[in-house]
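Here the structure comes first, spelled out in structure tokens, and everything after it is commentary.
Every number here is computed from the coordinates shown, using simple stated rules; none is lab data. Please read all numbers here as calculations on a predicted model, not as lab measurements. Here the Cβ is made from the backbone with ideal geometry for all residues, glycine too, and neighbour counts use every protein chain on show.
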Amino acid sequence: MTQRIAYMEPVPPDVQEIIRSRLPDGYEIDFRPSDAAPVAFARDADFVMVATTRIDDSLLQAATQLRLVQHQGVGYDNIDLEAARSRGVPVAICPEGTSVGVAEHVILLILSIYRRLLEADASIRRGEWLQWELRPTSLELAGKTVGLVGFGRIGREVAQRLRGFDVDVLYYDPFRADVSVEEAFGVRFVSLDALLAESDIVSLHLPLSAETRGLVDAEFLAGMKQSAILINTARGGLVDQTALIDALRNGVIAAAGLDVFATEPLPPDSPIRALPNAVLTPHIAAGTADALRTKMDACFANIVAISSGREPANRIA
Ligand code: NAD
């Protein structure tokens, strides 16, 4: 019998087409229309695939034949794991196709700030030619210090990609890596305070949890160099947004590259949209066509595993 996969994110038709192109035989996949309530949409699903839609106990209770919640990334703060455990529904994440895209996006955000990319492009389109004017505020990555807050899968991919840029890389993580790993990635473990004080670029690579929510507050930002930039491709909830806006307006730090926000989509009237010293992207760090294909293959392989009575990869509950 054909099994139903409920894809919880309201995605446009060309994204649906890529996803369908990877679907194995024996399954049908439905895409949630943006006006459909998640609980009703998931009700008769055998499998749920999700990115950012909230999967709470009411959804798990309604979806009585659910056999797996498959996250298509790794940031699972939107899933109530306790509820899934108590209802016996396995949950799996998908590191495949996630870490590389995010790491490349970190480099993109750093360089676009350092080289004033958006201003350069916009000024040309206005008919200007700022060959000299952008120079005093354009920087090179070489010789700078990058601090990674969190040194898991993505932190390591970033460190790997920074190797060619001649930078010093520091990291802080409550779980220090083996010395052999530190040597292999060319990174140095420091306290969070030391990382903030020494880094020209602070990049967040830790999960959002009750403990980490609001970690980047006024005190954190004041601990950074005034010339430093903050990169957040992890989760918006890690940052006290009011404190960040104040810090960017008042020169506490120089700039920010932000892919994630406390509220997504970012509200149209958010003051963040008006900050001249922020480069903003709409939660697309892992959002490439390449990554989507890789992710779908891994997610569907997990669904097939469950159907065949096997354990899914990267199970977290
Ligand atoms: P991971 O679990 O491999 O690594 C996270 C690391 O953070 C771990 O080493 C952990 O010990 C560390 N950590 C936990 N608490 C910390 C703290 N207080 N200070 C410093 N480090 C701490 O996860 P990952 O695959 O590297 O992903 C990291 C996060 O990136 C995800 O949780 C997700 O929220 C986010 N993410 C965002 C996108 C995007 O599209 N923007 C895509 C993928 C992942």
>> Would you work out the Kirkwood radius for segment 124-173? I mean one over the mean of 1/r across all pairs of different Cα atoms, in Å.
In response: 13.2
>> Could you derive backbone 3J(HN,Hα) for segment 231-242 from the dihedral phi with the Karplus parameters 6.51, -1.76 and 1.60 (θ = phi - 60°), listing whole Hz in sequence and x where the residue is Gly or Pro?
In response: 10, 10, 10, 8, 8, x, x, 5, 10, 6, 5, 4
> Sequence-distant or interchain residues sharing an amide H contact under 5 Å with residue 281, placed H: which?
Replying inline: 258, 259
>> Ratio of alpha-carbon Rg to the 2.2 N^0.38 Å globular estimate for segment 34-162, to two decimals, please.
In response: 1.56
>> Connecting C-alpha atoms closer than 10 Å in a GNM of the chain, tell me which of 80, 178, 290 has the biggest fluctuation.
In response: 178
> Along segment 191-203, what does the Karplus equation 6.51 cos²θ - 1.76 cosθ + 1.60 (θ = phi - 60°) give for ³J(HN,Hα), rounded to whole Hz, x for Gly and Pro?
Replying inline: 5, 4, 4, 5, 4, 5, 5, 9, 8, 7, 9, 10, 10
> What angle do you read, to the nearest 10 degrees and between 0 and 90, between the alpha-carbon axis of helix 153-162 and the longest principal axis of the chain?
Replying inline: 40
>> Using Cβ contacts closer than 10 Å as the measure, can you line up 137, 233 from fewest to most?
In response: 137, 233
>> With θ taken as phi - 60° and the coefficients 6.51, -1.76 and 1.60, list the Karplus ³J(HN,Hα) couplings across segment 114-120 in order, rounded to whole Hz; mark glycine and proline as x.
In response: 4, 9, 6, 4, 5, 5, 4
>> Treating only the Cα positions of segment 141-213 as identical point scatterers, give the base-10 log of I(q)/I(0) from the Debye formula at each q in 0.14, 0.19, 0.22 Å⁻¹.
In response: -0.38, -0.70, -0.94
> Between segment 37-110 and segment 243-291, what is the C-alpha centre distance in whole Å?
Replying inline: 24
> When 94, 299 are ordered from fewest to most other Cβ atoms inside 10 Å of their Cβ, what list results?
Replying inline: 94, 299
>> Under the rule of at least 5 residues apart or a separate chain, name every residue whose amide H is placed under 5 Å from the amide H of residue 170.
In response: 146, 147, 148, 188
> Longest exposed-loop-site-free stretch of the chain, with trypsin sites (Lys or Arg not before Pro), DSSP loop and at most 11 other Cβ within 10 Å?
Replying inline: 127-309
> the chain: longest stretch without exposed GluC sites (Glu not before Pro) (DSSP loop, at most 16 other Cβ within 10 Å), sites themselves excluded?
Replying inline: 1-127
>> Rounded, prolate or oblate, given the Cα gyration tensor of segment 98-146, with a/c below 1.5 counting as rounded?
In response: oblate
>> I need the shape label for the chain. Rule: rounded when a/c is under 1.5, else prolate if a/b > b/c, else oblate, with a, b, c from the alpha carbon gyration tensor.
In response: prolate
>> Below 15 angstrom from the Cβ of residue 23, what's the summed charge of the other residues (Lys, Arg +1; Asp, Glu -1)?
In response: -1
> If the chain between residue 242 and residue 35 were fully stretched, how many nm would it gain, using 0.36 nm times the residue separation less the Cα-Cα distance?
Replying inline: 71.4 nm
>> With n ≥ 4 as the cut-off for DSSP H runs, can you work out [θ] at 222 nm for the chain, using -39500 (n - 2.57) per run divided by the number of residues, rounded to the nearest 500?
In response: -9500 deg cm²/dmol
> Highest GNM mean-square fluctuation, the chain, Cα pairs closer than 10 Å: which of 136, 276, 207?
Replying inline: 136
>> Tell me the angle of helix 289-307 to the major Cα principal axis of the chain, expressed in degrees between 0 and 90 and rounded to the nearest ten.
In response: 30
> For the chain, what is the charge dipole size about the Cα centre, in debye to the nearest 20, if Lys and Arg each add +1 at the Cβ and Asp and Glu each add -1 at the Cβ?
Replying inline: 280
>> Apply the a/c threshold of 1.5 to the C-alpha gyration tensor of segment 165-317 and tell me whether it is rounded, prolate or oblate.
In response: oblate
